[in-house]
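Everything on this sheet refers to the single structure shown next.
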Amino acid sequence: MTTILAIETSCDETAAAVVENGMTVRSSIVVSQEALHRRWGGVVPELASREHSLHIAPAVRQALEVAGISWAGIDAVAVTHGPGLAGALVVGVNFAKAVAAARSVPLVPVNHLEGHLYANWLGIPGAPDTGWDHRGPEFPVLCLVVSGGHTELVVVRGHGDLSVVGRTRDDAAGEAFDKVARILGLGYPGGPAIQAAAMLAPGEAATDAADALTRPWMRGTLDFSFSGLKTAMLRQVEGDATNGGRPVGNPSRMAGVARSIAGQSGEVPERTARLARAFQEAVVDVLVSKTCDAAERFDAREVVIAGGVAANLRLREALVARSKVPVRVPPLVYCTDNAAMIGAAGYFRLQHGHVATSSLDIRPGLRLDDANGA
Ligand code: KG4
Ligand code: ZN
């Protein structure tokens, strides 16, 4: 058995986990900085870096404690070395280097995006509702990676054998959710806020022709483009304002959305809910159509999704409904940033001898296709 201590500090979550054989999560600790960054409407790199420095040691200690192991029980350390914020990545990488050196165990560098993909290999013992079957997806796998910084279609033919076959040409899907949420006054992070607001829209989206947005199909390619949708939403909101009619809502009412996500009651004006749903439907439609096309084109045996936007319930539902091959979605807790997924990816990398020296450096601009040789 191989027990990996995994560390993730690429953005605004300080995370540590203990994972056995790349699939069994013994512990997964995530210290979120969301509340801190919310007041700035996005992640402030300097604050993120400082917070990681404060929380990394306690998070690792807690991960060991929950897993019930001591330092001596660690066989390897896996760490995200890119892509991400430089000042954030460096905290995790330095900590991982120190542990690997002190314990004389291998140090495994992991691409954050590959980590998201490997969330599909994870399971929690004794939690059958996660849909985990102990085997992992069957190759070739078609993966839709949708996070705050990335939107990519990836064909995975085996461990470490990845080809990006489609990507966004402008905004990432999560970035579009975040920007549109700001336009609608729904706050940060935008994805969960838009999802919650969309659920409050009356009637069925499919029959709501008045709210339908033109889909950015980018015909003839598996690439995406989401910035036009953002502009279309902006025009709708500006149109509302100049017509003096149907208000999109004021900030105090919008604070209700954040409350409703947190399980408290809140109010969202109907117009805002409709716009949120129209946007979500358009994004989901394009993501799902292209994912299904790609799965067919590359003879995928399974479709998986990864990244923060994979937490979107509408996306999960639509993909399951439209895919011709089985769809696997990671447990919700492993969709957004966490270290367990880094432990899974790290395990399979380690199996292939992918080990770093003590001179491992951060790679803030690392791409998913770089992972093959990184
Ligand atoms: O993977 P992640 O946690 O961090 C990055 O590596 O970027 O993804 C964060 C992104 C944010 O843009 C957030 O708005 C989006 O994932 N997100 C969602 C949902 N939950 C998180 N987007 C749509 N629906 C959700 N339920
Ligand atoms: Zn991420």
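Odds and ends about this structure:
- Acute angle (nearest 10 degrees) that the helix 340-351 long axis makes with the longest principal axis of the chain, alpha-carbon atoms: 50 degrees
- Beta bridges assigned by DSSP with both partners in the chain are antiparallel in approximately 60 percent of cases.
- As a calculated quantity, the FRET efficiency between Thr242 and Lys324 at R0 = 56 Å, using C-beta atoms, amounts to about 0.80.
- Average 1/r across all pairs of distinct alpha carbons in the chain, invert it, and you get the Kirkwood radius: 21.1 Å.
- Helix 190-199 axis, angle to the chain major axis (alpha carbon atoms, nearest 10°): 50 degrees
- Relative to one another, the C-alpha centroids of the range 305-339 and the range 158-220 are positioned 14 Å apart.
- Computed from Cα atoms, the angle from the helix 270-297 axis to the main principal axis of the chain rounds to 50 degrees.
- Protection-proxy order for peptides 196-205, 9-18, each taking the mean of Cβ atoms within 10 Å per residue, highest first: 9-18, 196-205
- Calculated mean residue ellipticity, 222 nm, the chain: -13000 deg cm²/dmol, from DSSP H runs (n ≥ 4) at -39500 (n - 2.57) each, averaged per residue and rounded to 500.
- Cβ crowding within 10 Å averaged over residues, with 286-294, 45-53, 33-41 ranked highest first: 286-294, 45-53, 33-41
- Highest mean packing first, where packing is the average number of other Cβ atoms within 10 Å per residue, the peptides 336-344, 267-275 line up as 336-344, 267-275.
Read-outs throughout are calculated quantities, based only on the coordinates presented, and are distinct from any laboratory measurement. Predicted model only: the values in this text are computed from it and were never measured. As a convention, Cβ positions derive from the backbone with ideal geometry for all residues, glycine included, and neighbour counts pool all protein chains shown.
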